[in-house]
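Here is the structure we will look at, set down as structure tokens.
The values are calculated or read from the model by the stated rules, or taken from the named source; none is laboratory data. Everything quoted here is computed from the prediction, not taken from an experiment. With ideal geometry, Cβ positions are generated from the backbone for all residues, glycine too; neighbour counts draw on all protein chains shown.
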Amino acid sequence: MFPQTPGSGSPTDTVEPGGLGEIHLVQLYPRDMNIYGDWGNTLTLKRRLEKRGYGVKLTDYNPGDSFPADGDILVGGGGQDSGQFRVMEDLQSIKPVLMQLVDDGAPMLAICGLYQLFGHEFRTIGGQTLPGVGIFDLTTVGGEQRLIGNIVTESEKFGTIIGYENHSGLTKLGAGQQPLARVVAGAGNDGQDGTEGAVTKEVIGSYLHGSLLPKNPALADHLIATAVRRRYSHYHLEPLNDTLATKAREVAQSRPR
């Protein structure tokens, strides 16, 4: 097989799944951290892999399960404070394996509540502290008001990233922490510093729901290409027909907050 880069070849949506190998997609804590449509991120990755000819092994990981250390892409979503409390101890227990995966270049996407727990800590508005795993150099505190609405950001690596934010957490990045993007319209991490999300190695954190990946195929394909390259030492991504995603992006970008 010859490696190809995204954008080579002709658009296709009809490749038989499984012919190019299998990718293990792990959904972290779907029972407690899966609100505002975050399951759509997992579904988007699965469909885009299958359309390119890759089989997908999908594993839901919840507290108390045996952690799938052979995961190729890890995805987790948002949740209420109560959900974060329910997964907090389990997240600490799998921290050594998570950090090994991070060091090994495994792609991950952490949205909202899990994004906060991938930092150093989250202090609730009630004064309780939830320890994070420290993948990102950031801390979050609960705010008095929710930051809600459509958001448009610009990333040097991924271009325009569009989504919907709905969070009261105020996240401060450490001095050396790379943000995912800069805010064009919206609040972002804390509504003040102009940043949104964070990136450490191949781990992406963001507050963007909506869900994020259906409207941002370039971001989805980056996660896929990273996983395939790590698993098979090549990647083969035929371009897909993203007409609907483009229309969704245009509509979301035109709507006021």
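Those residues that are in contact with a strand residue (DSSP E or B) (Cβ under 6 Å, 6 or more places away or on another chain) and aliphatic (A, V, I, L, M), I need them from the range 219-254; list them, please. Give the derivation first.
So the first thing to find is which residues in the range 219-254 are in contact with a strand residue (DSSP E or B) (Cβ under 6 Å, 6 or more places away or on another chain), and the list is 223, 227, 249, 252-253.
Selection gives LEU223, ALA227, ALA252.
Condition test on GLU22, is it over 19 Å from ASN216 (Cα atoms) and either buried (at least 16 other Cβ atoms within 10 Å of the Cβ) or modelled with pLDDT of 95 or more (or both)?
Against the criterion (over 19 Å from ASN216 (Cα atoms) and either buried (at least 16 other Cβ atoms within 10 Å of the Cβ) or modelled with pLDDT of 95 or more (or both)), GLU22 qualifies.
Name the residue that is surrounded by the fewest Cβ atoms within 10 Å (Cβ to Cβ), counting only residues in the range 55-71 that are assigned to a loop (DSSP other than H, G, I, E, B) and of a type in the set (S, T, N, Q).
It comes out as SER66.
Residues that are in contact with a helix residue (DSSP H, G or I) (Cβ under 7 Å, 6 or more places away or on another chain) and under 23 Å from LEU28 (Cβ atoms): list the strands (runs of 3 or more DSSP E) wholly contained in the range 166-257 that include at least 3 such residues.
Correct list: 203-206.
Going by the structure shown, is LEU74 within 14 Å of TYR29 (Cα to Cα) and part of a strand (DSSP E or B)? I'd like the intermediate steps shown before the answer.
Numbers: within 14 Å of TYR29 (Cα to Cα): yes; part of a strand (DSSP E or B): yes.
So LEU74 fits the description; yes.
Residue by residue, here is whether (1) out of contact with any His (no Cβ under 9 Å at 6 or more places or on another chain); (2) over 27 Å from ARG47 (Cα atoms); (3) buried (at least 21 other Cβ atoms within 10 Å of the Cβ) holds:
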residue: THR129; (1), (2), (3): yes, yes, no
residue: ARG146; (1), (2), (3): no, yes, no
residue: GLU154; (1), (2), (3): yes, no, no
residue: LYS172; (1), (2), (3): yes, yes, no
residue: ALA185; (1), (2), (3): yes, yes, no
residue: GLY210; (1), (2), (3): yes, no, yes
residue: ALA227; (1), (2), (3): no, no, yes
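Looking at GLY119, GLY134, GLY159, GLY83 in this structure, which one is surrounded by 24 or more Cβ atoms within 10 Å (Cβ to Cβ) and either at pLDDT 95 or above or in contact with an Asp or Glu (Cβ under 7 Å, 6 or more places away or on another chain) (or both)?
Step by step, each of GLY119, GLY134, GLY159, GLY83 is checked, and only GLY119 is surrounded by 24 or more Cβ atoms within 10 Å (Cβ to Cβ) and either at pLDDT 95 or above or in contact with an Asp or Glu (Cβ under 7 Å, 6 or more places away or on another chain) (or both).
Pairs under 6 Å by beta carbon, first residue closer than 19 Å to VAL228 by Cα in the range 83-109, partner part of a helix (DSSP H, G or I) and among the β-branched types (Val, Ile, Thr), six or more apart or different chains?
Pairs found: PRO107/THR226.
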